[in-house]
Amino acid sequence: MQILRRAEYAAILLIALGFYAQSGEGWWWFALLFLVPDITMAGYAFGNRIGALVYNAGHSFLSVAALGLLMYVSGQQWLWPYVLIWTAHIAFDRMLGYGLKYASSFQDTHLGRIGRN
């Protein structure tokens, strides 16, 4: 099951990369912004509960979907590359086994515990 799950996230990553390639934006921009969602880890400076909430907001496909919907209804097509970069980041994290966090610990995710037990 783990191999299938990782393959699914790899497929999402590849689709996001393919659409990004078609967007006409430079790859330097992609590289510069790819790790921006990880800034949400700073929420852990305020404890596990706040940290998990902030981290999950930045690593949920629902947040990306909200930005995509905003882009669509407002006609702000310039947001498209950001939607794709953010989607690629989340898919890459999930492909590596990093999931949404539980408030108990940074290592406790919806995909299982990360790190050494």
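The values are calculated or read from the model by the stated rules, or taken from the named source; none is laboratory data. The structure presented is a predicted model; accordingly, all values stated were derived computationally and were not measured. Neighbour counts run over all protein chains shown; Cβ positions are idealised from the backbone, glycine included.
Annotations
- Qualifying residue in the range 26-49 (condition: touching a Pro at 6+ places or on another chain (Cβ under 7 Å) and crowded, with 16+ Cβ neighbours inside 10 Å): no
- Wholly enclosed helices (runs of 4 or more DSSP H) of the range 46-117 bearing at least 3 residues of a type in the set (S, T, Y): 61-74
- Residues (modelled with pLDDT of 95 or more and either of a type in the set (V, I, T) or touching a His at 6+ places or on another chain (Cβ under 6 Å) (or both)) located in the range 56-104: V64, V73, V83, I85, T87, I90
- Filter result (closer than 23 Å to Y102 by Cα and not in a helix (DSSP H, G or I)) within the range 17-45: L35
- Unique residue being within 18 Å of A16 (Cβ to Cβ) and of a type in the set (S, T, N, Q) when the list is S74, S63: S63
- Scanning the range 71-115 for residues that are among the charged types (D, E, K, R) and either in contact (Cβ under 8 Å) with a residue 24 or more places away in the chain or under 14 Å from R5 (Cβ atoms) (or both) returns D93, R94, K101.
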